[in-house]
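Read the structure below first, then the notes.
The values are calculated or read from the model by the stated rules, or taken from the named source; none is laboratory data. Keep in mind it's a predicted model, so treat the numbers as computed, not measured. Note: ideal-geometry Cβ built from the backbone for every residue, glycine included; neighbour counts use all protein chains shown. To get the accessible areas, we keep the full protein, side chains included, count just its heavy atoms, and leave off ligands, DNA and RNA. Shrake-Rupley method; radii C 1.70, N 1.55, O 1.52, S 1.80 Å.
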Amino acid sequence: MTQGRPLLNRRLAEFGTTIFAEMSALAVRTGSINLGQGFPDTDGPEEIREAAVRALRAGHGNQYPPGPGIPELRTAIADHQRRFYDLSVDPDTEVLVTAGATEAIAATMLALLEPGDEVIAFEPFYDSYAACIAMAGAQRVPLTLRAPSFRPDLDELRSKITPRTRLLLLNTPHNPTGIVLTAEEQSAIAALVVEHDLLVVTDEVYEHLVYEGAHHPIAALPGMRERTVSISSAGKTFSYTGWKVGWVTADASLVAAVRTAKQYLTYVSAGPFQYAIAEALRLPDTYFDGFRADLRRKRNLLGDGLRAAGFEVHEPQGTYFITTDISPFGEKDAYAFCRALPERCGVVAVPNSVFYDTADAGRSQVRFTFCKRDDVLQEAVGRLRRLAS
């Protein structure tokens, strides 16, 4: 300490090493199968990797790309929104390319929030949400999604809105529970938002990984276009998570605000990869359909194995995560369970309890990812069966 003060900004005092770094390090240290952190163990389409190589060799993006993102990618993002959701977006003023969805969330929170503002977020929530809200000096207000359905209580949502509420932070398909908000739920949420003149920030990175139901962008609903910041990224859809290519789409005034904050974070990133993702977004429907079908099959493979091992399984409608409950084992502490799991059977998972402010709500929940090779999932399932013996 200097001047009698802690070195770390007090807004970040509650945040240490992320659970993903901790559990991935545990997997390496113990030689365990890592079903904790959500990254694939195979690369995405070969033609997209080759597109990045071509860009590198041609000198496209090797120097600073334009601040908002290269025109080719911004146009591809706008075309994607029209193709899949019939949303009209101006690529010049209503699209902003970011260093993944995480930077998009950070820039949006920093741009739109003032100290003392309140942000309603569905919990369990991805851990960066809490940190980004804190860095902006705002207060998070959790709306708890409770097992087994994890559906949002819209009456409770209404009760959480106060004069200090600035925005609602949504994530659908939802990590870690796997729920996908229905059109009816989104319509009811939109009505509340319009009634109270709120902003919405929606994280849609799993938009193409919906196994039951469909993804409905809230920005398409009446009164929402001018008050919604929609965020997505290429990592989950094309299995190149290390490229960190994300984007924001919104009304021009909202994009201008987010761009103001974003330009002082990374400024620009992923130059050559932007050209490759512009091509990826134009892949035919057969790619998106096949990718989704493959992940649905992997979901079923792991889910069946987890049930056979003795877990209570909450089957996800989307994403590539399965939330389970460890109560059938007589266990109540998910964090302690996950710390011990590598020694018990050589598998690493993540405790959902770290994604809650309401600790009791997720104390016995454990998250597994199924975005891995079949042989890896089969080996993990075999190891997990030791729990049932």
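The tail of the calculated P(r) for region 136-181, taken as Cα-Cα distances beyond 17 Å, holds 39 percent of the pairs.
Excluding ligands, DNA and RNA, the accessible surface per residue across region 1-156 is 49 Å² with a 1.4 Å probe. Springs join every pair of Cα atoms under 10 Å in this Gaussian network model of the chain, and among G330, G318, G67 the largest mean-square fluctuation is at G330. Please build a GNM for the chain, connecting alpha carbons under 10 Å apart, and tell me which residue among A111, A51, A13 fluctuates the most. Answer for the Gaussian network model of the chain: A13. Which residue, L87, L143, L377, tops the fluctuation ranking in a GNM of the chain built on C-alpha contacts under 10 Å? Checking each option, the largest mean-square fluctuation is seen for L87. For region 314-333 versus region 64-123, the inter-centroid distance based on Cα atoms is 32 Å. Each principal axis of the chain carries a Cα extent, and these read 60, 53, 52 Å when sorted largest first. Taking the DSSP beta bridges with both ends in the chain, the antiparallel portion is around 50 percent.
Computed over the Cα atoms of region 1-72, the ratio of the radius of gyration to the Kirkwood radius (Rg/Rh) comes to 1.19. For region 180-273, the orientation-averaged shadow of the C-alpha convex hull comes to 6.9 nm² (one quarter of the hull surface). Taking a sphere under 9 Å around the Cβ of I231 and counting the other residues whose Cβ falls inside, with K and R at +1 and D and E at -1, yields a net charge of -2.
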